[in-house]
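For reference, the structure is listed below as structure tokens.
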Amino acid sequence: VGGMKDSARIAALDNASLIVEVDSAAVMQEISLRRRELVRRLNKHLPAPGIRCITVRLSQNHGR
């Protein structure tokens with residue numbers, strides 16, 4: 001996700017749901033606010049049905 005590539009990583013792809021793990025609450029909020037845009041941009045590069053939603057979660061290793 002651009003400048004957030006070191007702070008966010010794909011944790012899983014479950015059916016049409018992309019699960020992204022992040023290192024900080026700020027990155028979590030940024031991705032959450034840009035969800036629709038990110039889904040549209042990712043689906044341009046994926047076969048149908050693609051991704052329907054993005055779930056963002058804070059890394060278990062956050063702050064360690």
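The values are calculated or read from the model by the stated rules, or taken from the named source; none is laboratory data. Source: prediction; values computed, not measured. Ideal geometry is used to build each Cβ from the backbone, glycine not excepted, and the neighbour counts take in all protein chains shown. For the accessible areas, the whole protein counts, side chains as well, though only heavy atoms, and no ligand, DNA or RNA atoms are used. Shrake-Rupley method; radii C 1.70, N 1.55, O 1.52, S 1.80 Å.
Results, tabulated for the structure shown:
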{"item": "Calculated [θ] (222 nm, deg cm²/dmol) that DSSP helices of n ≥ 4 give over the chain, each run adding -39,500 (n - 2.57)", "result": "-8000 deg cm²/dmol"}
{"item": "Cβ-placed point charges (K, R +1; D, E -1), dipole of the chain about Cα centre in debye, nearest 20", "result": "240 debye"}
{"item": "5 Å-binned pair-distance histogram of the chain (Cα, whole percent)", "result": "4, 18, 29, 27, 14, 6, 2, 0"}
{"item": "Relative contact order of the chain, defined on C-alpha pairs under 8 angstrom at six or more residues apart (%)", "result": "38 percent"}
{"item": "Positive-end residue of Val22, Ala11, Ser32, charge dipole of the chain with Cβ unit charges", "result": "Ser32"}
{"item": "Among 33-42, 16-25, 50-59, the order from most to least packed when residues are scored by Cβ within 10 Å on average", "result": "16-25, 50-59, 33-42"}
{"item": "Largest to smallest accessible area among Asp14, Asp6 [probe 1.4 Å]", "result": "Asp6, Asp14"}
